[in-house]
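The next block holds one structure in the form of structure tokens; read it before the comments.
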Amino acid sequence: MDRKITLIGGASLGAALMYLFDPYMGARRRAQAKDQVVHLAHQTGNAVGPTMRDISNRARGLVAEATATFKDRDVSDAVLVRRARSKMGRYVSHPRSVTIEANQGRLFLSGPILAHEVDNLIHALSNIPGVTGVENRLEVYQEPGDVSGLQGGKARPGERPELAQEVWSPTTRLGTGAAGAGLALYGARNLGILGKFLSGIGLGMLVRAVTNLETKRLVGVDAGRRAIDVQKTINVMAPVQEVYNFWSNFENFPRFMAHVREVRNLGGDRSHWVVDGPAGIPVSWDAVVTRRILNELLAWRSLKGSIIHNAGIVTFAPVPNGGTQVNVHMSYNPPAGAIGHSVASFFGSDPKSAMDDDLVRFKSLIEKGRTTANGQTVTREQIEQPRI
């Protein structure tokens, strides 16, 4: 097993060296990798200040809570009602329908509420400092039905533990990242299955802390099309109609997008895409236009079964100088999720880093009438007319 791991590691290292020292693209790839390292260092430096402030605020909060444990035995009823209403908003989908009154530390609840929210609400309010008891006078309903106070609303998950939240605080990221790094080093020094398992867990914790992305988005499992979000805006000196007509025909994209090899119209607002993935390996999928507003908006999504799930929307808006503002918002889920994106991004071969160059080429093509993509010069005369 160790020999196989050594061979795989050696092969991976060799592939990485070939990729970085390629005689044609190696210099550019090494420069991009250097830029990523510098960018990471800057991000790390910028995170120090917020992390220290967060640690300081949390320390003061813990002291305040400890002090309140002894001081909050005699709290006014008005203060208890305010605390209860603040707490209730995290557990009840229709908090305005519930009335809270207090008398000598005891809370009285009335009004309509959904059945599955009752127990969690009472338990949460009972734990508020200064509350001596909770009296349930609520009108409980299994379903909203035609009760006016239970219409609409949004389900409330309650107070989730810090580690279960989608976005972690700076303190949580620091603590989890340090623990993950320590666990990974400990596991690496201890051979055997247990050591490898601990290393894997530690590396997972470290990556989760560094990226601050949910685990499902990191690995691309059950993340749908939203593992990575990309948003770019560019102004083009051309009328909205001209810019919209260009974008409405996806077959034009290989003319200015360096990583797009082919876009083929399949009819019925469907298209087949072939793009360069990491290390130049071609990746393909089918997509469909989901919404179209003439001269204003184009939206699409990948079809079921695509290797790269993606969706996006492009909006077009006129600007005072007679040009057009193009806003591109795209979400995609690459193989291995955000981890796969991070590896590709380090070498400058992911859609997020490629879109900057693509939009510059698009601007040049529209404004100057020519650009260079995939080693070829493209002029406006070569652009396909839109199929609307």
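The values are calculated or read from the model by the stated rules, or taken from the named source; none is laboratory data. Everything quoted here is computed from the prediction, not taken from an experiment. Reconstructed Cβ throughout: ideal geometry from the backbone, glycine too, with neighbour counts over all protein chains shown. For the accessible areas, the whole protein counts, side chains as well, though only heavy atoms, and no ligand, DNA or RNA atoms are used. Shrake-Rupley method; radii C 1.70, N 1.55, O 1.52, S 1.80 Å.
Roughly how many Å² of Asp358 are accessible to a 1.4 Å probe, to the nearest 10?
Accessible surface of Asp358 is approximately 10 Å².
Under a point spin-label approximation (7 Å from Cα along Cα-to-Cβ), what is the Ser284-Leu194 distance to one decimal in nm?
5.0
Ranked by accessible surface with a 1.4 Å probe, highest first, in what order do Val326, Val289 come? Working shown, then result.
Numbers: Val326 0, Val289 20 Å².
Descending accessible area places them as Val289, Val326.
Is there a pair in Lys154/Lys304; Lys232/Lys363; Lys304/Lys363 whose C-alpha atoms are over 24 Å apart, and which pairs would that be?
On the way: Lys154/Lys304 29 Å; Lys232/Lys363 13 Å; Lys304/Lys363 32 Å.
Long pairs (Cα-Cα over 24 Å): Lys154/Lys304; Lys304/Lys363.
For the ranges 175-181, 267-273, what's the packing order if you count other beta-carbon atoms within 10 Å of each residue, average per peptide, and put the highest first? Kindly include the intermediate steps, with their values, before the conclusion.
On the way: 175-181: 16.9, 267-273: 14.6.
Going from most to least packed, we get 175-181, 267-273.
Arranged from highest to lowest average of other beta-carbon atoms within 10 Å per residue, in what order do the peptides 138-145, 101-108 appear?
Details: 138-145: 12.6, 101-108: 15.1.
Those peptides, ordered most packed to least, come out 101-108, 138-145.
Tell me which residues come under 5 Å, amide H to amide H, from Arg156 once H is placed; ignore anything under 5 positions away on its chain.
Ser93
What FRET efficiency would be calculated for the residue pair Leu297, Arg82, taking the C-beta separation as r and a Förster radius of 51 Å, to the nearest 0.05?
Values: r = 44 Å, r/R0 = 0.87.
For Leu297 and Arg82, the calculated efficiency is 0.70.
Could you tell me the accessible area of Thr99 in Å² (1.4 Å probe, neighbours in place), rounded to the nearest ten?
60
For region 195-204, just list the computed ³J(HN,Hα) in residue order, Karplus coefficients 6.51, -1.76 and 1.60, θ = phi - 60°, integers in Hz, with x standing in for Gly and Pro.
Rounded to whole hertz, the list is x, 5, 5, 5, 4, x, 4, x, 5, x.
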